[in-house]
1. From the alpha carbon gyration tensor of the range 79-183, can you work out the equivalent ellipsoid semi-axes (sqrt of 5 times each eigenvalue) and give them in Å, largest to smallest?
2. Give me the extension gain from N58 to V2: residue separation times 0.36 nm, minus the current Cα-Cα distance, reported in nm with one decimal.
3. Would you tell me the accessible area of K142, worked out with a 1.4 angstrom probe on the heavy atoms of the protein chains, in Å² to the nearest 10?
4. Considering the chain as a Gaussian network with a 10 Å cut-off on Cα pairs, which listed residue, N158, N43, N58, attains the greatest mean-square fluctuation?
5. Gaussian network model of the chain, Cα springs within a sub-10 Å range: biggest mean-square fluctuation belongs to which of P128, P51, P78?
6. For the range 127-183, which semi-axes, largest first and in whole Å, follow from the square roots of 5 times the eigenvalues of its Cα gyration tensor?
7. Take the Cβ-Cβ distance between L82 and W26 as r, set R0 to 25 Å, and report the resulting FRET efficiency rounded to the nearest 0.05.
8. Please report the accessible area of V11 (heavy atoms, 1.4 Å probe, ligands and nucleic acids excluded) in Å², nearest 10.
Amino acid sequence: RVHRVTYKAQVLARWGDPVLADAAAWEPLAQSAAAQATQFGFNCDYNAYFPLPLGSPNSDHGLLWSNHEYTDARLMHPGWSLEGHTAAHTALELSAHGGSVQEIRKIKGTWKVVGGSAYARRVTGSTPIRLSGPAAGHERLKTSADDTGTVALGTFGNCGGGKTPWGTVLVAEENFNGYFGNV
């Protein structure tokens, strides 16, 4: 006898869907960096589920981390060309990178994003991230933007990832060679 398992696929979040409670309305032809920093980012790669409450085996309520690995200027900016690329385009793309944390709950067999969740977060390519631990303040972490070596700006190109035993997510950047003017 063959036991068949059925799967149900559903969309939880799409590019531009609200993540933060004060998220701007999705305007695909008139996006801004500020609006995108409150919305679900571009091109998911790694996802991680963290049951709530922390440490429980709960499979019906938890937090979902989603990487936003890369952007596609041709899809994001109508009529885009390399020659016409602007600082506003770059700012929007940086805001579409990074990752999102969303609270999700399964209700009657269907997953839903919990709107207005206190857990919701957006980390973009420009989000200030405080550095701690033994490396914080090291000379090699000091930049013109932060001469203390205790703040990094954002994350992008997040491809892979993993969950730590203490309930945090680690993400790994890749394809850095495709940024900073390399097309």
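The values are calculated or read from the model by the stated rules, or taken from the named source; none is laboratory data. A quick note: this is a predicted structure, and the numbers were derived from the prediction, not measured. Virtual Cβ from ideal backbone geometry, glycine too; neighbours counted across all protein chains shown. The accessibility values were calculated without ligands, DNA or RNA, using every heavy atom of the protein model including side chains. Shrake-Rupley method; radii C 1.70, N 1.55, O 1.52, S 1.80 Å.
1. Working: eigenvalues 158, 109, 35 Å².
Rounded to whole Å, the semi-axes are 28, 23, 13.
2. On the way: separation 56, 0.36 × 56 = 20.16 nm, distance 2.85 nm.
Full extension of this stretch gives 17.3 nm more.
3. The accessible area comes out at roughly 80 Å².
4. N58
5. P78
6. Values: eigenvalues 88, 83, 14 Å².
Taking √(5λ) for each eigenvalue gives 21, 20, 8 Å, largest first.
7. Working: r = 26 Å, r/R0 = 1.04.
Given R0 = 25 Å and the Cβ-Cβ separation, E is 0.45.
8. V11 exposes around 100 Å² with every protein chain in place.
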